[in-house]
Amino acid sequence: MKITFLLTWGDEMGGTEMAAYTQAIHLAPRHEVEVLSVFKTRQEPFFAAARKVKRRYLIDRTGSTERPVRASALTADACRTLASLPSEIIKPSWESTFNRLSDVELKRELAELDSDILVSTTPALMAAVAELTPARVITVHQEHRASQLRGVTGEPLLVYGPMLDALVSLTERTNDWFADSLQAAAPELVFIPNAVPDGYRQRSDLESRTIVLAARMTPEKQLDHAINAFHKLRDDFPDWTLRIFGDGPQLVRLRRLVEGLGLHSHVELMGRSDQMEQEWAKAALCLLPSRNEAFPLVLLEVFAAGVPVIAYDIVTGPAEIIRHDVDGLLVPPGDIDSLASAMSRLMSDDETRHAFGRAARAGVDERFSGEKITAQWEELFERLLAGRDKPERLAARADRTALRIAEGGTKSFSVAAPVSHLANSADEQKAREVLIQAQDRSLIRSAGRLAEERNDINGPTMADLNLEITAGAFESAGVPFVLVRNDGVPHLLAVPVERRADALRALATELAGQPVYGELITPRGAAPGAVLAERLEGVGDIAGVRVFKPVTSPSRTLRYGPAYGCTVEFWDEDEDGWRNSPRSATLLGRRLPSLEATAKIQVGEHAYPTLSQFTKKLMWDVDFPVDVVYTWVDDTDPAWRERRDAVRRRMDMPVDDADSGDVRFRNRDELRYSLRSLAMFAPWVRTVYLVTDDQTPSWLDTDQPGIEVVSHRDIFTDPEWLPTFNSHAIESQLHRIEGLSEHFLYLNDDVFIGRPLTASSFFMSNGLAKLFRSPTAVPPSDPSPDDEGYFAAAKNNRGLLEEAFGRVATHGFLHAPHPLRRSVLAEIAERFPEEVSATARNPFRANTDLSLTSSLHHHYGYLTGRSVPALISCSYINVGNYEHHTVLSRLLASRSHDVFCIGESADAEVPVDEQDRVLRAFLNAYYPVRSRFERD
């Protein structure tokens, strides 16, 4: 068969290029293989391996003007012009090196490509391949990075994945993420690791007392962790040296760190080297402290030299290569102390280090030999080629593409599954999971674990369930424990360290055969990660274990894992008889006088043993009620539209263009999902008040306790001011809601809570409200008729505050839930009656408005000592901007923000119907669990 590997720049140094050339060399003896590089950037390629493979180029960049490699009539000026224009095929945000000249050459080349198999090697190239390659060519993408962590550069993976024949990952974890994200729209998904290059490789004798690293000096590689860990060991190992090869933007910072720690004679920054095979042969130990990796080829090179490796057990990469306690050691990500401890072990134990080195050398040839990996590629290619001419192939591709669109996908957005930070189960554990799944057919596999499929459980309930499972095992076995309070939603149990073996045995016995796992905390023998709870008895010395039952939604977009697990910590006893936490802080600190239970604490339907101190009202406890207020309108209601248009006509205002304000009033059912976000992540809210113009969503169950619909007529001081269509006016009257608590959150229905939060995220225990300042400054100019409504109101607020307090407000506030105090709003209305009344009587936004809830309250509260600045992780997404759709996919995968707002600009580039599809797909994926406020 004829196989083409497509690279962006095949002459450069990089893991992607090296992997492609290695595969090509292994396939070449039995197939016609070529490497097609879009750009030629050197007279000779960096890798010697490239010279052993047939190579072709499309664009020559080695001269003063880039131009096509083929014979072309294009002038130098034409080439310069085309090269200066951005690509229309590949977004600059995916890969900025492409341009209009490369578009022309890619279209020409791919349209007439004479190849059986075309393998793309970056997501950007994958997009071009999916759009331009003829149907007769089998298209395969090999993903060389941890796709789930890529961000914007990985956007094409989910968008164009359904249009390929196969999507190949380097690791099982990434493969599982594609399966969860694409589901029925996925092409054939396969994971095939990289192969170790063939040829003679020097072997280290491991006696050099030298630790070697090779990495680009960027923050992701965390080389400072290696230096700091080595510093901890310097006095114990004065004859050891740390050598770091590479260059990059952090070189100066790392040099200063070395000098500041006094390590200049022990840590050598060697610069870049193209002879790393020789350097590995001089090493006694290798480190890989990266934050992110895909499938690091460097580890194969190190193992080929017979050198053991210590690495962080990150999302993908090291765990797929290193066999813990066989040929290297895995330590918890970012844990410098554990890294130093592992280094000390291998630096001090020559016998173990040599044993690991022998296992590394033998294992790399056995597991990653060119012969073995090539066979996997050939089997895939042959299977795909066998079905090339079957009509079902193109029909299935069309169905996959259509399904992705039907589920809300666009050229900028695709639903993504959450990222799992746990390694997949090892083979032995997988075998046991198969047996457990055979006994319970309702279980599924998700993120490499057995999981229950449920669509009816929120985050706090999941945390309570994991507590019930864990505490139940201890109670059955008579293991003493106390529930200690901390700031998080997940629960924390403290067990005396001398009862650790009993506790682990209890979990293993009581949870045998169940799909329950334990994530090991600071293991000192076993590898980091999670094991079936039934296997916990043999994990050895650990600081604790996080017990969790995996649950995932049918959409695979909501997953409850160790983040909601019940943490069990083993507390030691000091010389004073007090107990000490190995890592966590409770609300009473990390040191307690005893672990003897003296009280009970209620969680859900169960009472658990605790210390009496935890049952008292603590200094930072927010124990007052907190309500939520929404203002809501249904712009599709004909009666409401007629009322609005009648007022606009009376005021000689337009009713049929952008100035009529449809963007601000547009209802996309966001309220349903914002309420779901409260139920999932803020169940401590007492009552939700929905302020409307006598409208109620058809799906809202108003008979449920905790929800009240409030009419404008019930809160406006003067009924003559109604009807109103001005959010500023409505917000000026919210403090008049009957029964509203003193402390409440005000949310627009396009604001969502993104992960578990507590009331203390918004209020101090002494009643102070928090304010979240925006980096956006209010223009330092006088109010103008041309000001947007937001800035006009902010300027009016500023003038009022300067006159009253002599202070000038400079910034606005984030699009987040606004923590408000009813008394502050009432005081503002009383102190500035004319200005507040003027705002309240404006039926539409006016340049004379105040913005009370989103701005004035915060400034006034701060100046009168009732609000304090605070931080919250917040994101704003403009659904009318294509570039922001990628942010939605990242939010789904990472769930990394406390709150977010999804708005729309009046000049949106995205058509309204497409916005609707994207928004509904995103919200359904992020919040698949119905709240109790929804009718059946």
Which cross-chain or sequence-distant (5 or more) residues have an amide H under 5 Å from the amide H of T8, H modelled 1.01 Å from N in plane? V38
Could you go through segment 869-876 in sequence order and give the Karplus-derived ³J(HN,Hα) for each residue, using 6.51 cos²θ - 1.76 cosθ + 1.60 with θ = phi - 60°, rounded to whole Hz, and x for Gly and Pro? x, 8, 10, 8, 7, 9, 10, 10
Please give me, ordered by residue number, the trypsin sites (Lys or Arg not before Pro) of segment 536-624 that lie in loop per DSSP and have at most 16 other Cβ atoms within 10 Å. R583, R590, K616, K617
So which aspartates and glutamates pass the test for K616, namely a Cα distance under 19 Å, with those fewer than 8 places away in the same chain ruled out? D487, E596
Alpha carbon convex hull of segment 344-464, projected area averaged over orientations, nm²: 14.9 nm²
Those chymotrypsin sites (Phe, Trp or Tyr not before Pro) from segment 518-573 that are DSSP loop and have at most 12 other Cβ neighbours within 10 Å turn out to be none
Go ahead and run the numbers for FRET between K107 and L394, Cβ-Cβ distance against an R0 of 22 Å, rounding to 0.05. 0.60
Here the relative contact order (percent) of the chain, from C-alpha pairs under 8 Å and at least 6 apart, is 9 percent
To the nearest 10 degrees, how steep is helix 789-805 against the longest Cα principal axis of the chain, on a 0 to 90 scale? 70 degrees
Once amide H atoms are built 1.01 Å from N in the peptide plane, which residues 5 or more positions from Y57, or in another chain, come under 5 Å H to H? S37
Return one number: the angle in degrees, 0 to 90 and rounded to the nearest 10, between the long axis of the Cα atoms of helix 912-926 and the longest principal axis of the Cα atoms of the chain. 70 degrees
Under a Cβ-Cβ cut-off of 9 Å, what is the net charge of the residues other than E44 that fall near it, where Lys and Arg count +1 and Asp and Glu count -1? +1
Cα-based Rg/(2.2 N^0.38 Å) for segment 210-365, rounded to two decimals, is 0.94
Aspartates and glutamates near K52 by alpha-carbon distance under 17 Å, same-chain residues fewer than 8 away left out - which ones? D11, E12, E17, E32, E34, E44, D198
Quick check on packing: order 301-307, 730-736 by the mean number of other C-beta atoms within 10 Å, highest mean leading. 301-307, 730-736
Over the Cα atoms of segment 756-828, what Rg and Dmax result, in angstrom? 14.3, 42
Integer Hz, Karplus 6.51/-1.76/1.60 couplings in order for segment 771-776, x for Gly and Pro: 10, 10, 6, 8, x, 6
Flagged as over-length at 24 Å C-alpha distance, from K221/K282; K549/K617; K54/K221; K91/K390; K2/K390; K372/K430, the pairs are K549/K617; K54/K221; K91/K390
Helix-only mean residue ellipticity at 222 nm for the chain, each DSSP H run of n ≥ 4 adding -39500 (n - 2.57), per residue, nearest 500: -10000 deg cm²/dmol
Of L257, T210, P318, farthest towards positive along the dipole that unit charges on Lys, Arg, Asp, Glu beta carbons give segment 210-365: L257
Working note, segment 442-615: Cα radius of gyration (Å, one decimal) and Dmax (Å, whole number) are 15.7, 53
Which residues in segment 480-524 place their backbone N less than 19 Å from a point set 7 Å from the Cα of A438 along the Cα-to-Cβ direction? 512-516
In Å, descending, principal axis extents of the Cα set of the chain: 89, 85, 59
Let me spell out the model: positive unit charges on the Cβ of Lys and Arg, negative unit charges on the Cβ of Asp and Glu, origin at the Cα centre of the chain. What dipole size does that give, in debye rounded to 20? 1380 debye
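Note down the net charge around L892, summing +1 for each Lys or Arg and -1 for each Asp or Glu among other residues with Cβ under 12 Å from its Cβ.
Taking every Cβ under 12 Å from that of L892, the sum is +3.
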Can you pull out the chymotrypsin sites (Phe, Trp or Tyr not before Pro) in segment 105-202 that DSSP calls coil and that have at most 15 other Cβ atoms within 10 Å? Y200
For segment 626-926, just say rounded, prolate or oblate: build the C-alpha gyration tensor, square-root its eigenvalues into a ≥ b ≥ c, call rounded for a/c under 1.5, and beyond that prolate if a/b exceeds b/c, oblate if not. rounded
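Only the coordinates and a few stated rules stand behind these numbers; no lab work does. None of these values were measured; they are calculated from a predicted model. Virtual Cβ from ideal backbone geometry, glycine too; neighbours counted across all protein chains shown.
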